[in-house]
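A.B. asks: This is the structure I have questions about; it appears just below.
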Amino acid sequence: MSDSLLPGGLGRRGFLAALGVGAAATVAACTSNEAPSSGSGANVAAAAGDNATPGAPVTIGFSAPAADHGWIAAIANNAKAQAEQYPDVTFAPVNPTNDVAQQIAAVETLINQKVDALVILPNDGSQLTSLGRRAMDADIPVINLDRVFDSPLAYRTWIGGDNYGMGVSAGTYIGERLRAANVTNPVIGEVAGIDNLPLTQERSRGFSDALASYGFAVGPRQAADFTAQGGQRVTANLLQAAPKLDALWNHDDDQGIGVLAAVNQAGRTEFFMVGGAGSANAMRDIQADNTVLKATVTYSPTMASSAIALARLVAQNRGMGDLVEKEVPTSITLASATITRDNVADYLPLGFES
């Protein structure tokens, strides 16, 4: 995910209830988009080797958008839980907000407090670039999480997902499956996120490029808004316009709640679907194998846990234990894995609740 600038949602249970889907369908689901408490579903990594030894005490400031989306909620939860693994780290989060001006003011407070490092997932990378520069100029290393600043001078290290790689993974799975079934001239749909966001454009470009390698092309395409409500609305329109589909890729598993609701309401079962991001909800559906959803491609919020671990190392002038270099790299791009029924049990512990 995710570069989503999202409004508040009903949550999975509330949304499905509004659509008239029974409670039995939501029994395994989270009832809201609030972040679970630390220790409840968070993913953390234990320091190993020399890095396990406590170093100089450091304070790590943290800022992210409001947790009104399952993926963002997991970002905040993972960051907090990871910081709690270290006796030498004081975690200093500021109030999450979807207002750029408020985020700038909050991070300025951390800069004035002279924290030892900052982890920032900006609401808008371009608009917060000057803030990153200000922190770096004050000798406070910035770990830029996911939404990248415009200038590398604004951060010490960037860590995030591979949006183009998500599209490639989804397109490759669909291409392989259709080729194995000897399907020619398939109709392949796409439910994208917010079209004016670079991340959506990259995901779509990777998807199209991967399909092209099989001689396939994207067919009916609709852009939603990374919400369940938007996913349901545009998918209903797409299905009405496309009486036959062979495959469908939905960019985002939170959005996918609505996509699946629309598919079920339309009674469409002739195609298979791939999701995006790797929510626990999607993984449970894949595991149960009782919907059209057969795979999802990851864009994991575990990157927040890794960002805190990197901030600690940078602030303490340490490198990454398994690397020869004595410094943390300046850029880390996470791979996008394809989760199917065959490997879902391995990935389910990493899933986030929509």
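A.B. asks: For region 191-209, name all the residues that are open to solvent by less than 10 Å² (accessible area, probe 1.4 Å) and over 15 Å from the mean Cα position of the chain (by Cα).
C.D. replies: Once the filter is applied, which keeps residues that are open to solvent by less than 10 Å² (accessible area, probe 1.4 Å) and over 15 Å from the mean Cα position of the chain (by Cα), region 191-209 yields 191, 206, 207.
A.B. asks: Of 182, 250, 237, 264, which residue is under 23 Å from residue 69 (Cα atoms) and either open to solvent by 60 Å² or more (accessible area, probe 1.4 Å) or at pLDDT below 95 (or both)?
C.D. replies: 264
A.B. asks: For residue 325, all conditions in the list (1) open to solvent by 30 Å² or more (accessible area, probe 1.4 Å); (2) among the charged types (D, E, K, R); (3) modelled with pLDDT of 95 or more hold save one; what is the number of the exception?
C.D. replies: The failed condition is (3).
A.B. asks: Looking at 120, 188 in this structure, which one is over 23 Å from the mean Cα position of the chain (by Cα), open to solvent by less than 70 Å² (accessible area, probe 1.4 Å) and in contact (Cβ under 8 Å) with a residue 12 or more places away in the chain?
C.D. replies: Just a single option satisfies the conditions, and that option is 188.
Residues checked against (1) in a loop (DSSP other than H, G, I, E, B); (2) at pLDDT 95 or above; (3) aromatic (Phe, Trp, Tyr); (4) more than 14 Å from residue 309 (Cα to Cα):
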site	(1), (2), (3), (4)
34	yes, no, no, yes
37	yes, no, no, yes
40	yes, no, no, yes
68	yes, no, no, yes
91	no, yes, yes, no
109	no, yes, no, yes
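A.B. asks: Additional query: Going through 61, 125 one at a time, which residue ends up being closer than 22 Å to residue 149 by Cα, open to solvent by less than 50 Å² (accessible area, probe 1.4 Å), part of a strand (DSSP E or B) and not hydrophobic (A, V, I, L, M, F, W, C)?
C.D. replies: Numbers: 125 fails: part of a strand (DSSP E or B).
That would be 61, the only listed residue that is closer than 22 Å to residue 149 by Cα, open to solvent by less than 50 Å² (accessible area, probe 1.4 Å), part of a strand (DSSP E or B) and not hydrophobic (A, V, I, L, M, F, W, C).
A.B. asks: Tally the residues that are β-branched (Val, Ile, Thr), open to solvent by 10 Å² or more (accessible area, probe 1.4 Å) and assigned to a helix (DSSP H, G or I), restricting the search to region 95-107.
C.D. replies: Filtering region 95-107 down to residues β-branched (Val, Ile, Thr) leaves 97, 100, 104, 107.
With open to solvent by 10 Å² or more (accessible area, probe 1.4 Å) added as a condition, the list becomes 97, 100, 104.
Next cut, assigned to a helix (DSSP H, G or I) only: 100, 104.
So the answer is 2.
A.B. asks: Could you go through region 284-296 and let me know if any residue there is open to solvent by 30 Å² or more (accessible area, probe 1.4 Å) and under 18 Å from residue 168 (Cβ atoms).
C.D. replies: The answer is yes, given that some residue of region 284-296 is open to solvent by 30 Å² or more (accessible area, probe 1.4 Å) and under 18 Å from residue 168 (Cβ atoms).
A.B. asks: May I ask you to list pairs of residues, at least six apart or on different chains, whose Cβ atoms are under 9 Å apart, with the first in region 90-103 being in contact (Cβ under 8 Å) with a residue 12 or more places away in the chain and within 24 Å of residue 313 (Cα to Cα) and the second being surrounded by fewer than 17 Cβ atoms within 10 Å (Cβ to Cβ) and of a type in the set (Asp, Glu)?
C.D. replies: Close Cβ pairs satisfying both conditions: 91/84.
A.B. asks: Continuing with this model, one more query. So which residues in region 129-145 are open to solvent by less than 10 Å² (accessible area, probe 1.4 Å) and either touching a Ser or Thr at 6+ places or on another chain (Cβ under 9 Å) or closer than 19 Å to residue 80 by Cβ (or both)?
C.D. replies: Step one: filter region 129-145 for residues open to solvent by less than 10 Å² (accessible area, probe 1.4 Å), giving 131-132, 135, 140, 142-145.
Result: 132, 142, 143, 144, 145.
A.B. asks: OK, next. Being in a helix (DSSP H, G or I), modelled with pLDDT of 95 or more and farther than 19 Å from residue 354 by Cβ narrows it down to one of 206, 189, 219, so name that one.
C.D. replies: On the way: 189 fails: in a helix (DSSP H, G or I); 219 fails: in a helix (DSSP H, G or I).
Matching residue, one of 206, 189, 219: 206.
A.B. asks: Residues 134, 147: which one is of a type in the set (Lys, Arg), within 23 Å of residue 60 (Cα to Cα) and modelled with pLDDT under 95? If you could, list the steps in order and put the result at the bottom.
C.D. replies: Values: 134 fails: modelled with pLDDT under 95.
After applying the criteria, what remains is 147.
A.B. asks: Based on what the data block shows, is residue 76 under 20 Å from the mean Cα position of the chain (by Cα), in contact (Cβ under 8 Å) with a residue 12 or more places away in the chain and farther than 13 Å from residue 119 by Cα?
C.D. replies: Working: under 20 Å from the mean Cα position of the chain (by Cα): yes; in contact (Cβ under 8 Å) with a residue 12 or more places away in the chain: yes; farther than 13 Å from residue 119 by Cα: no.
Taking the combined requirement at face value, the residue does not satisfy it.
The values are calculated or read from the model by the stated rules, or taken from the named source; none is laboratory data. Everything numeric here is computed off the predicted structure, so don't read it as measured data. Here the Cβ is made from the backbone with ideal geometry for all residues, glycine too, and neighbour counts use every protein chain on show. Only protein heavy atoms, including side chains, enter the accessible area calculation; ligands, DNA and RNA are left aside. Shrake-Rupley method; radii C 1.70, N 1.55, O 1.52, S 1.80 Å.
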